[in-house]
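J.: My questions will all concern the structure given below.
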Amino acid sequence: MSYDLVVIGTGPGGYVCAIRAAQLGLRTAVVEKRATHGGTCLNVGCIPSKALLHASEAFEEATKHFADLGIEVSGVKLDLKKMMSFKAEGVAGNTKGVEFLLKKNKVDTFHGTGKIAGAGRVEVVSEDGGNQMLETKSIVIATGSDVTRLPGVTIDEKVVVSSTGALELDRVPKKLLVIGAGVIGLELGSVWRRLGAEVTVVEYLDRVLPGMDGEVGKQFQRILTKQGIQFKLSTKVTGVEVGKKGANVTVEPAAGGEAESLEADVVLVAIGRVPYTEGLGLDTVGVQRDDKGRILTDSHYATNVTGIYAIGDVIAGPMLAHKAEDEGVAIAEMLAGQSGHVNYGVIPNVVYTFPEVASVGKTEEELTKDGIAYNAGKFPFTANGRAKANGTTEGFVKVLADAQTDRVLGVHIVGADAGNLIAEVAVAMEFGASSEDIARTCHAHPTLTEAVKEAALAVSKRAIHV
């Protein structure tokens, strides 16, 4: 079977790449080891976690906050099995949607493990042991990432779980211990906290959300602490012992010191993700990787082996589904003779807790480190009319602009619907907007977006409502 392009992996990067290539007239095939398409994101990541975040938020609203709105309810109970069914429906709808789109665009699908057998050759081994050899002009590796293991700790997906297991618990743990205060740990920790678990987060560093704006991290931690999540920062896990009633976790100060033991019914290991390249045959064909296991590529996503390309979590850059999607489109267009492009300076990052956290562009720490002079404008949601009316006043919007040109360099938001609010500034930054451009754009009233406008006004110290 001969193709112009074979894509290994049908996560957000892979299936988008295949569809765009087919749109451009390339004869395209995909290889997927799962029975369903969508990769980690749609099957055991982005989509199921957002379904549980939404459902758990609704549960907490009904049990704790409806009365504040004048809505009297009684007898609210958690049906976890039904909630998991709700999650499964969302997953099925999305994965079937990808299957439909691939068929619609006449992309051939092969289910099995893909292995690069040589230049222009991909071997597909199915679960029953059968194999097929695909001939192709180009190969795109889009196999995504896997959970990072903690040395000495065995993940059994029952007591000690990864994000995958944390999405499948059949009961609410009385005590949940989360190792890692990154996006995944805080999102899933907040889900089970709302459903009744006592949640403790252990983080090796001295802050939550490493890599995001420092002020945002501090404010966000205060909000989560008020919600009931406990934090042990600058703390390392030295051992996890599983027993009949759960796990005993030994921790000690990251800098060294006296150890202590923490008990938990479930331990979630959420210390990051690593590129998934197992079984691809990269060493055999000579594809180079860096010291973190990431496939090395040039600016056109080409590896050192002619005809082999890579995108998404297996290469350098943020491990985000939308980053992989944009790369998938870019490489498909390049292979079709067009000029694909990804602006890595304008890739939003969102934490889907409540309130949400969203950012795009540079942080204050990065600008200071790079010696870039900037002006900052900040506006709190406590001064936003819609936030006041909705009772969602926690958080703020912060706009960072170049001190000389006023060009927006970064925006950071903590607050309700931050994930949608960040899209406005991402578009503005893509077009090289200044804070003045945003400030002079008419925003509908009353909306949360007005906080973005006011933060832009605050860059030049002329915010109206504070």
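J.: Scan region 397-406 and give yes if some residue there is part of a strand (DSSP E or B) and either open to solvent by 40 Å² or more (accessible area, probe 1.4 Å) or small (Gly, Ala, Ser) (or both), otherwise no.
T.: yes
J.: Could you give me the residue pairs with C-beta distances under 8 Å whose first residue belongs to region 32-43 and is touching a residue at least 12 places away in the same chain (Cβ under 8 Å) and in a strand (DSSP E or B), whose second residue is open to solvent by 40 Å² or more (accessible area, probe 1.4 Å) and not basic (Lys, Arg) wherever it lies, and which are 6+ apart or on separate chains?
T.: These pairs meet every condition: GLU32/THR109; GLU32/HIS111.
J.: Can you spot a residue in region 112-124 that is more than 17 Å from ALA18 (Cα to Cα), modelled with pLDDT under 95 and surrounded by fewer than 17 Cβ atoms within 10 Å (Cβ to Cβ)?
T.: Yes, the conditions are met somewhere in region 112-124.
J.: I've got another one for you. Pairs under 7 Å by beta carbon, first residue among the acidic types (Asp, Glu) in region 234-248, partner at pLDDT 95 or above and open to solvent by 30 Å² or more (accessible area, probe 1.4 Å), six or more apart or different chains?
T.: Close Cβ pairs (under 7 Å, with a partner that is at pLDDT 95 or above and open to solvent by 30 Å² or more (accessible area, probe 1.4 Å)) amount to GLU241/ASN248.
J.: Just to be sure before I move on: is VAL161 under 27 Å from LEU78 (Cβ atoms), aliphatic (A, V, I, L, M), open to solvent by less than 10 Å² (accessible area, probe 1.4 Å) and out of contact with any Phe, Trp or Tyr (no Cβ under 7 Å at 6 or more places or on another chain) in the structure I sent?
T.: Answer is yes for this residue.
J.: Right, something else. Being buried (at least 20 other Cβ atoms within 10 Å of the Cβ) and out of contact with any Leu (no Cβ under 6 Å at 6 or more places or on another chain) is the filter; apply it to region 137-149 and report the residue that is farthest from CYS41 (Cα to Cα).
T.: So, considering only residues that are buried (at least 20 other Cβ atoms within 10 Å of the Cβ) and out of contact with any Leu (no Cβ under 6 Å at 6 or more places or on another chain), the one farthest from CYS41 (Cα to Cα) is ILE139.
J.: Also, quick follow-up: Do the conditions hold for ASN349, that is, is it surrounded by fewer than 18 Cβ atoms within 10 Å (Cβ to Cβ) and either at pLDDT 95 or above or among the basic types (Lys, Arg) (or both)?
T.: It is false that ASN349 is surrounded by fewer than 18 Cβ atoms within 10 Å (Cβ to Cβ) and either at pLDDT 95 or above or among the basic types (Lys, Arg) (or both).
J.: How many residues are within 25 Å of GLY246 (Cβ to Cβ) and in contact with a helix residue (DSSP H, G or I) (Cβ under 6 Å, 6 or more places away or on another chain) when one looks only at region 202-215?
T.: Number of matching residues: 1.
J.: Between a first residue in region 330-345 that is among the charged types (D, E, K, R) and a second residue that is open to solvent by less than 70 Å² (accessible area, probe 1.4 Å), which pairs have beta carbons less than 6 Å apart while being 6 or more apart in sequence or on different chains?
T.: Here the result reads GLU333/GLY340, each pair linking region 330-345 to a residue that is open to solvent by less than 70 Å² (accessible area, probe 1.4 Å).
J.: While we're here: Considering only region 213-305, give the strands (runs of 3 or more DSSP E) lying wholly within it that have at least 2 residues that are open to solvent by 30 Å² or more (accessible area, probe 1.4 Å).
T.: The strands (runs of 3 or more DSSP E) meeting that bar are 230-232, 235-243, 246-253, 260-264, 273-275.
J.: Does ALA181 meet the test of being surrounded by 21 or more Cβ atoms within 10 Å (Cβ to Cβ), among the hydrophobic types (A, V, I, L, M, F, W, C) and under 21 Å from the mean Cα position of the chain (by Cα)?
T.: yes
J.: Moving to a separate point now. Show me the strands (runs of 3 or more DSSP E) found entirely inside region 49-152 where at least 1 residues are within 24 Å of the chain's Cα centre (by Cα).
T.: Ranges flagged: 131-141, 145-147.
J.: For region 337-364, how many residues are of a type in the set (A, V, I, L, M, F, W, C) and under 30 Å from ALA22 (Cα atoms)?
T.: Qualifying residue count for the region: 3.
J.: Please go through region 407-440 and give me each residue that is closer than 14 Å to PHE381 by Cβ, out of contact with any strand residue (DSSP E or B) (no Cβ under 6 Å at 6 or more places or on another chain) and open to solvent by less than 10 Å² (accessible area, probe 1.4 Å), ordered by number.
T.: Scanning region 407-440 gives a single hit, GLY415.
J.: Among the candidates VAL342, VAL357, VAL399, single out the residue that is under 21 Å from the mean Cα position of the chain (by Cα) and under 27 Å from ALA181 (Cβ atoms).
T.: Exactly one residue qualifies, and that residue is VAL357.
J.: Right, next: Scan region 10-24 and tell me whether some residue there is at pLDDT 95 or above and open to solvent by 50 Å² or more (accessible area, probe 1.4 Å).
T.: yes
J.: Quick one: would you say GLU365 is open to solvent by 20 Å² or more (accessible area, probe 1.4 Å), touching a helix residue (DSSP H, G or I) at 6+ places or on another chain (Cβ under 6 Å) and on the phi < 0 side of the Ramachandran plot?
T.: In short, yes.
The values are calculated or read from the model by the stated rules, or taken from the named source; none is laboratory data. Since the model is a prediction, treat every value here as computed from it, not as a measurement. All Cβ positions, even for glycine, are placed from backbone atoms using ideal geometry, and neighbour counts span all protein chains on display. Ligands, DNA and RNA are excluded from the accessible area calculation, which covers all protein heavy atoms including side chains. Shrake-Rupley method; radii C 1.70, N 1.55, O 1.52, S 1.80 Å.
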